[in-house]
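A quick write-up on the structure given underneath.
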Amino acid sequence: MPIFGTDTSDQTGKFSCATATQRTLKDLRTKRKGQPVFVVGHRLERKGSEATFEVFNDRLAVIRFEDDARLGYDPLELLLPTEIDEKGVAYFEIRTCRVCEQLFPLTAEECDAEEEPTVCPECASQK
């Protein structure tokens, strides 16, 4: 389920999920306002929070949190959801790489697999 559309009348309502080639906001070719993201960025009080993408400001992605706070993050620090259900609720399956200890999102296929990956795609590609 790579794309979910909440508004069928226009393209702004379609949001993306993690795939083998797109796991962060930076990886997305089309970034839509409202895209759900999981924050792994630099602000400790917000790390591990869910938010939504608003707009780009220079090279930073401005995201909005549930408390309406808006902050700028490097798009690499914003992970995509694993799945979005039919009601538009985003689910995140985030794992820590056993090699580099960085967080990475699982794809829906990886979640359903008999054995989940234990290393991030970058570390897996260096084997």
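Values computed for the structure shown
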{"item": "Any hit, segment 84-106, residues being over 15 Å from A18 (Cβ atoms), among the polar types (S, T, N, Q) and assigned to a strand (DSSP E or B)", "result": "yes"}
{"item": "Which listed residue, of T8, T19, is at pLDDT below 95 and not in a strand (DSSP E or B)", "result": "T8"}
{"item": "Residues satisfying the stated conditions in segment 34-68, i.e. more than 18 Å from V89 (Cβ to Cβ), assigned to a loop (DSSP other than H, G, I, E, B) and polar (S, T, N, Q)", "result": "none"}
{"item": "Candidate set from segment 25-34 (those that are without any contact (Cβ under 8 Å) to a residue 24 or more places away in the chain and not hydroxyl-bearing (S, T, Y)); member that is most open to solvent (accessible area, probe 1.4 Å)", "result": "R29"}
{"item": "Filtered residues of segment 87-101 (kept if without any contact (Cβ under 8 Å) to a residue 40 or more places away in the chain and not basic (K, R))", "result": "V89, Y91, E93, T96, C97, V99, C100, E101"}
{"item": "Residue within segment 61-77 that is over 16 Å from K26 (Cβ atoms), open to solvent by 90 Å² or more (accessible area, probe 1.4 Å) and in contact with a strand residue (DSSP E or B) (Cβ under 7 Å, 6 or more places away or on another chain) present", "result": "yes"}
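The values are calculated or read from the model by the stated rules, or taken from the named source; none is laboratory data. Model, not experiment: these values are computed from the prediction. Here Cβ is always computed from backbone atoms with ideal geometry, including for glycine, and neighbour counts include all displayed protein chains. These accessible areas exclude ligands, DNA and RNA; they are computed on the full protein's heavy atoms, side chains included. Shrake-Rupley method; radii C 1.70, N 1.55, O 1.52, S 1.80 Å.
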